[in-house]
Amino acid sequence: MNNQKLDSANASPTKEFFVNMITKDISLEDSILDLIDNSIDAAKHSSGSQPMTLGSQIDLSQYTISIKLSSNSFIIVDNCGGMTLDNAIKHAFSFGRKPGIEPEQYGIGVYGIGMKRAAFKLGRDITVRSTYVEGNRIRQSFKVPIDVEEWLKSKIQSWDFDIVEAEDMEENGVEIQVRNLTSAAKNALANPAFVQNLRRMLARDYSLYLNKGLNLIVNGERISGLHLEFAGSEEFVPMRISYNGLQNGDEIFVEMIGGMAAPPPDSTEPDEKQNSDKRFGWYIACNGRIVLAADKTEVSGWGTTNWPQWHRQYAGFMGIVLFSAYNTAALPLTTTKRSVDLTSDVYKTAQVKMRDLTKEWINYTNERKQALDAAKEKEARAKAIPIQQVENRESIALPKLPAVKPVERPANVQYSVPVKRMKRLAGELGNINLPYREVGLRSFEYTYEDLVGEE
Amino acid sequence: MPSFDVINYGLRPSKSIQRQLVFNGIHSLQALMKLDMPLYVGLGSVSFTDFSLAHRLLQIRDMVSIESKKIGYRRAKFNSPYATIKVLYGVTEKVLPELLDCSEAINRPWILWLDYDCEFCEDVRDDIRLIIERVPENSIVLFTFNGNEMRYGRKPAQRPERLQTLFEDVVPDSLSANACKKGKIEVNLANFAINFMKATAANMSRPGGFVPAFNILYSDSASMITVGGVLPNNSLVDTVNDFLQSCAWECCPSEPIIAPNLTVKEALALQSLLPNGAGISKNDVRNLGFDLEEEHVRVYEKYYREYPTYAQVLI
Ligand SMILES: Nc1ncnc2c1ncn2[C@@H]1O[C@H](COP(=O)(O)OP(=O)(O)O)[C@@H](O)[C@H]1O
Ligand SMILES: [Mg+2]
């Protein structure tokens, strides 16, 4: 076979591909987060591009990102400095990053796709407006109106969008307005559960930024960042390590913290509280943005070689890994920023340490079953420590539990009653939220005391 | 409790006013949406008050009352005021799914009002979810439950968690114990229930979604909450929304309805001064020869047309 060229096969993408296909693999929530990521990158740029490690002293309190959601429109406005006309012409609106355009230092935008994909996911009538100051210190503004249907229809080969003049905004920043929403966006933005869940997601995934003062506002209400905390005492001490890793020649700073966040459950039977183990598991952050939260799947490693699957028994454990890199492209980010690139070397190396730490906890929860009372007493003495205050330590400390003493033969009881009656009784016992199991035990003790009395 | 408030307890004027407002509201929606042969579904108990209104005012023919107690069921059948009322025996969570599987019931819109005595609990929530997910298009649905704060936890600090368990995602994580105290919790309960219905419809992408229309707090001796709305098909959504935005819609009053227990003589005397552009003052009441609290005068003046006038029958 000689490689003589016959013809060439056309591989150029179509506009429809970008509008209809690339929007399929990302959720609406994650698209909105992509827009926030861009604002945060701008804020970080404006405040001098520092790394977002646990110890970082960066103050973001002068930056505000505000989002308004309704069944007719989506609007995001920030005062993070804006994008320049030059950037808009050369880079911001192109699909995918052009070679030679460096990502923001210590940034969270890398693939050059987020803003366009988010806008297409949300609606058909889009306006991006920017007010900024360049070297000459004069404020300038422009806007880029995009009528998606027109753009798709236009026969011209060109993919370009027109840039037109615009009024200055109050502060330097970017505003993106989307109208003529897609039916999915229309439905979701008017759904109170979607909006509350989005708030929860923002409070969690931007917690590191929010705790540095960043103002993030949804429909007029400020989001306060989740405070990731461990439970510590003399006997329970979380692990905290840091090291430098390498990814294709780029240095990545890795911080890892893990330990008990709350006592494990008394019983591993599924109970009536759904999601009672919602907060536990592994968290991964890339340049400060949490991309994997409370993970209990193979992505962090549960259920892979030498690492058991998640089980309710392990609830109470929390681990966090922060990857920080000057070159964002070196991070184990996926394009949706909702998972981790499992093929990343630096991530694979971290996973071994994550596994060993997790296994220490798994062992503890096994031992604990044989000495439950002693364990519970020790756990109850542990106090909350904010993640930043955890001290460096090569490994986790967990209490030694007393040797197993023979226990009396237990009788296990199980019975059903209507939920309504259960809740009434829980209320009478002092707390309507008591787990059913607890109501059962207390009513047994109560009756025992009454009918049998002293042992 | 002073004895005047007890005398006419059976009358429950706030409840009557609320019922009248709701039926006026349904009446106008029924005309707007041109509902064809709707089915009325309720908890008629032995008095069937709402069923009488449904038949007389809304001219609904087919009606279903659900009754869970054995004796109550026999009594309900005995007391049923019209031949077209079917009394079904069983708890709502058992009867509703059966009704939703019945072809004669689901080929037309429903007007459903589950007027529970109990608080919003797991069972109520599951009924609401079932209804929002499965009721035929163009139905109007209402739910009434007890808003007494003690039913949601003895201590205010226990209530946010309880509400989160009940209403799930729509309750903000920031809900404070303070927002769950008497006087505040009622508004929150109503809003959470409405948002729960909206979210249930949106989560399943129900065409037309859920359009909130009823949000009434009232109290005779217990704080009660009535919430509800319309599940229009796609072509009626805008019509319904526009109509509800209009100022004539009275089913979301900004204040709770707490009506005085008036004697027939008092009510008739006050009524003879109304309507009256300037309103009536405490002095006007004194001139009639008796006296009333200022807020009671205000409530009567606002709702005199809905104030129950059938007290004579009870004597
Ligand atoms: N809120 C914003 N403030 C300043 N610049 C922005 C903003 N949003 C987008 N940009 C610019 O648009 C570019 C393209 O954004 P995007 O499509 O999300 O890709 P990426 O973030 O990977 O570069 C960003 O790199 C940035 O230069
Ligand atoms: Mg981006």
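The values are calculated or read from the model by the stated rules, or taken from the named source; none is laboratory data. These figures come from a predicted structure and were not determined experimentally. All Cβ positions, glycine included, derive from the backbone under ideal geometry; neighbour counts span all protein chains shown. The area values use the complete protein model at the heavy-atom level, side chains included, leaving out ligands, DNA and RNA. Shrake-Rupley method; radii C 1.70, N 1.55, O 1.52, S 1.80 Å.
Given the criteria under 30 Å from A:K153 (Cβ atoms), near ligand 1 (Cβ under 10 Å from one of its atoms) and in contact (Cβ under 8 Å) with a residue 12 or more places away in the chain, does A:G96 qualify? Walk me through how you get there before you give the answer.
Values: under 30 Å from A:K153 (Cβ atoms): yes; near ligand 1 (Cβ under 10 Å from one of its atoms): yes; in contact (Cβ under 8 Å) with a residue 12 or more places away in the chain: yes.
Criteria met by A:G96.
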The correct count of residues that are of a type outside the set (A, V, I, L, M), assigned to a strand (DSSP E or B) and touching a Pro at 6+ places or on another chain (Cβ under 7 Å) in region B:176-218 is 1
Of those in region A:84-109 that are open to solvent by less than 20 Å² (accessible area, probe 1.4 Å) and of a type in the set (A, V, I, L, M), the residue farthest from ligand 2 (Cβ to nearest atom) is A:A88
Contact list, first residue from region A:22-46 and away from chain B (no Cβ under 14 Å) and farther than 21 Å from A:E175 by Cβ, second anywhere and in a helix (DSSP H, G or I) and more than 8 Å from ligand 1 (Cβ to nearest atom), beta-carbon distance below 7 Å, six or more apart or interchain, is A:T23/A:F120; A:T23/A:K121; A:I26/A:K121
Heads up, the helices (runs of 4 or more DSSP H) in region B:101-172 (entirely inside) with at least 3 residues that are within 9 Å of chain A (Cβ to nearest Cβ) are B:159-167
Flagged in region A:117-131 as open to solvent by less than 10 Å² (accessible area, probe 1.4 Å) and either among the hydroxyl-bearing types (S, T, Y) or more than 16 Å from ligand 2 (Cβ to nearest atom) (or both), in numbering order, are A:G123, A:S130, A:T131
- Message: Being over 34 Å from the mean Cα position of the chain (by Cα), at pLDDT 95 or above and not assigned by TED's automatic domain parsing to the domain that holds A:P264 is the requirement here; does A:A426 meet it?
- Response: yes
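Might you let me know whether region A:149-168 holds any residue that is within 30 Å of B:P207 (Cα to Cα) and either open to solvent by less than 60 Å² (accessible area, probe 1.4 Å) or in contact with a Pro (Cβ under 6 Å, 6 or more places away or on another chain) (or both)? Let's see the steps before the verdict.
Keep residues of region A:149-168 that are within 30 Å of B:P207 (Cα to Cα), which gives A:149-153.
Checking which are either open to solvent by less than 60 Å² (accessible area, probe 1.4 Å) or in contact with a Pro (Cβ under 6 Å, 6 or more places away or on another chain) (or both) leaves us with A:151-152.
Within region A:149-168, one or more residues are within 30 Å of B:P207 (Cα to Cα) and either open to solvent by less than 60 Å² (accessible area, probe 1.4 Å) or in contact with a Pro (Cβ under 6 Å, 6 or more places away or on another chain) (or both).
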Inside region A:9-50, the number of residues satisfying the requirement of being exposed (fewer than 14 other Cβ atoms within 10 Å of the Cβ) and more than 16 Å from ligand 2 (Cβ to nearest atom) is 13
Just one listed residue, out of A:I217, A:I176, A:I223, is under 24 Å from A:N79 (Cβ atoms), at pLDDT 95 or above and within 11 Å of chain B (Cβ to nearest Cβ), and it is A:I223
Filtering region A:372-396 down to residues that are outside any helix (DSSP H, G or I) and over 28 Å from the mean Cα position of the chain (by Cα) yields A:R381
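Each row is one residue, and each column tells you yes or no for (1) more than 16 Å from ligand 1 (Cβ to nearest atom); (2) modelled with pLDDT of 90 or more; (3) in the same structural domain as A:V110 (by TED's automatic domain parsing).
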| site | (1), (2), (3) |
| --- | --- |
| A:I22 | no, no, yes |
| A:S31 | no, yes, yes |
| A:D34 | no, yes, yes |
| A:I40 | no, yes, yes |
| A:H45 | no, yes, yes |
| A:G55 | yes, no, yes |
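Residue by residue through region B:218-257, note down the ones that are among the hydrophobic types (A, V, I, L, M, F, W, C) and closer than 15 Å to B:V22 by Cα.
Pass one, region B:218-257, residues among the hydrophobic types (A, V, I, L, M, F, W, C): B:222, B:224-225, B:227, B:230-231, B:236-237, B:240, B:243-244, B:247-249, B:251-252, B:257.
Residues satisfying the conditions are B:M224, B:I225, B:V227, B:V230, B:L244, B:A248, B:W249, B:C251, B:C252, B:I257.
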Only one of (1) more than 23 Å from B:Q59 (Cβ to Cβ); (2) out of contact with any helix residue (DSSP H, G or I) (no Cβ under 7 Å at 6 or more places or on another chain); (3) of a type outside the set (G, A, S) does not apply to B:D127, and that is (2)
